[in-house]
1. Report, by chain and number, residues whose modeled amide H sits under 5 Å from the one on V66, excluding near sequence neighbours (fewer than 5 apart, same chain).
2. For an R0 of 30 angstrom, estimate the FRET efficiency from the Cβ-Cβ distance between V51 and D133 and round to the nearest 0.05.
3. What order do you get for 100-106, 54-60 when each peptide is scored by the mean count of other beta carbon atoms within 10 Å, highest first?
4. Test of understanding: what is the full-extension gain from Q115 to R27, defined as 0.36 nm times their sequence separation minus their Cα-Cα distance?
5. Can you give the net charge of the other residues whose Cβ lies under 15 Å from the Cβ of D9, counting K and R as +1 and D and E as -1?
6. Which FRET efficiency value, to the nearest 0.05, do you get for L6 and I42 by plugging their Cβ-Cβ distance into 1/(1 + (r/R0)^6) with R0 = 35 Å?
Amino acid sequence: MTFFPLGSDRGLLWVNHEYTDENLMFRGWTSGDSAPLEQIKIGLAAHGGSVVEIERAGRTGQWKLVTRGRRRYNRRITFDAEGNLWIATDGNALGKNDGLFAMPLAGPERGHVRQFLTVPYGAETCGPLVSEDQLSVFVAVQPPARSPAPRRTTRQATGPTAAPASPAPP
């Protein structure tokens, strides 16, 4: 766990849950050799890390999760079996679409970030979760809180039954 201050009353907390302890997670755990498949899947899904924004709770000296307003720093970060880091973004500071990015942590491509997918403008990429067989990555796409007013366009049909162009309804 690491704390990164954002001033005197706020900060980011990195929690590494890359090395889970199945002895603590499952009552009666003996080894992975005899574990039910469901426990193996839960253990794999728990690997990764999280970044959460925290703030001081008044003058109590205690810290609490930031749970109101936009929480642009909160992230779930995970790794696949090859050791690649997967990062979901929300609130892109560049004003572009958010997405899912992968970055190798070893080999000749180490540190080279590649975009894996893009979500619609204003939407948030939540997750990610790499499948057990390492062939799929799952994310949840949170739609934008508010959509800008749709642009007025002119519909244009094409083909042998094309009707004359008409303005789009308001």
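1. E53, I54, E55
2. 0.65
3. 100-106, 54-60
4. So the chain would gain 27.7 nm between Q115 and R27.
5. Overall, the nearby charge balance is +3.
6. 0.60
Only the coordinates and a few stated rules stand behind these numbers; no lab work does. In this text, all values refer to a predicted model and were calculated from it rather than measured experimentally. Here Cβ is always computed from backbone atoms with ideal geometry, including for glycine, and neighbour counts include all displayed protein chains.
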